[in-house]
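Chemist: What follows is a structure written as structure tokens; I'll ask about it next.
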Amino acid sequence: MSEPTRPRHLSDTDLARLRQKLEDVRSTWLAAERATLREQRSAEAEPGDPADLAEQTIEHDASLRLATFDNRLLAEVERALAKLDAGTYGLSEDSGEPIELARLEAVPWARRTAEEEERHQLELGEARHATA
């Protein structure tokens, strides 16, 4: 297998630092997910009064919503790590233009330049309003 190429605007040091950030986010998320599952199993094993059960249901629903968001974030992190392996990390998926290092430092799973992301979010907002 050939060695992945490196985007010209990112040094090997930049890529190593950004990979570590992505791996840290992934590890933190996975550890939190395991802890949440342990807590849920423990809570389910302990029967309680109806008020406790109602509170557990509300907490469970909130956990599911958060888990959905976290799963999307994890998918973005995994996608960024795959792009690092493929040598396409740091390049916009829309235009192929380099994503600024400062943006990657702030959002290491960024898929677009800041300008493209802003335009994308505006288009999403307009599409949501059109269907409402």
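The values are calculated or read from the model by the stated rules, or taken from the named source; none is laboratory data. Predicted model only: the values in this text are computed from it and were never measured. FYI the Cβ positions are ideal-geometry reconstructions off the backbone, even for glycines, and counts take in every protein chain you see.
Chemist: From the list ASP70, ASP49, which one is modelled with pLDDT under 95, exposed (fewer than 10 other Cβ atoms within 10 Å of the Cβ) and acidic (Asp, Glu)?
Modeler: Just one listed residue meets the conditions, ASP49.
Chemist: Which of the residues spanning the stretch 73-98 are in contact (Cβ under 8 Å) with a residue 40 or more places away in the chain, among the charged types (D, E, K, R) and either in contact with a Leu (Cβ under 7 Å, 6 or more places away or on another chain) or surrounded by 15 or more Cβ atoms within 10 Å (Cβ to Cβ) (or both)?
Modeler: Within the stretch 73-98, none qualify.
Chemist: I would also like to ask the following. Among ARG111, ARG103, which is the only one that is under 22 Å from LEU22 (Cα atoms), in a loop (DSSP other than H, G, I, E, B), at pLDDT 95 or above and under 19 Å from the mean Cα position of the chain (by Cα)?
Modeler: One residue alone meets the criteria, ARG111.
Chemist: Right, here's the next one. Which of the residues spanning the stretch 99-117 are under 14 Å from LEU10 (Cα atoms) and either surrounded by 15 or more Cβ atoms within 10 Å (Cβ to Cβ) or of a type in the set (A, V, I, L, M, F, W, C) (or both)?
Modeler: ILE99, GLU100, LEU101, ALA102, ARG103, LEU104, PRO108, listed by residue number.
Chemist: Would you mind stating whether LEU18 is touching a Pro at 6+ places or on another chain (Cβ under 9 Å), within 30 Å of GLU123 (Cβ to Cβ), at pLDDT 95 or above and surrounded by 10 or more Cβ atoms within 10 Å (Cβ to Cβ)?
Modeler: yes
Chemist: How about the stretch 101-132: which of its residues are charged (D, E, K, R) and in contact (Cβ under 8 Å) with a residue 24 or more places away in the chain?
Modeler: Result: GLU105, ARG111, GLU116.
Chemist: Right, next: Out of curiosity, is ALA62 of a type in the set (Gly, Ala, Ser) and at pLDDT 95 or above? Give the derivation first.
Modeler: Working: of a type in the set (Gly, Ala, Ser): yes; at pLDDT 95 or above: no.
No.
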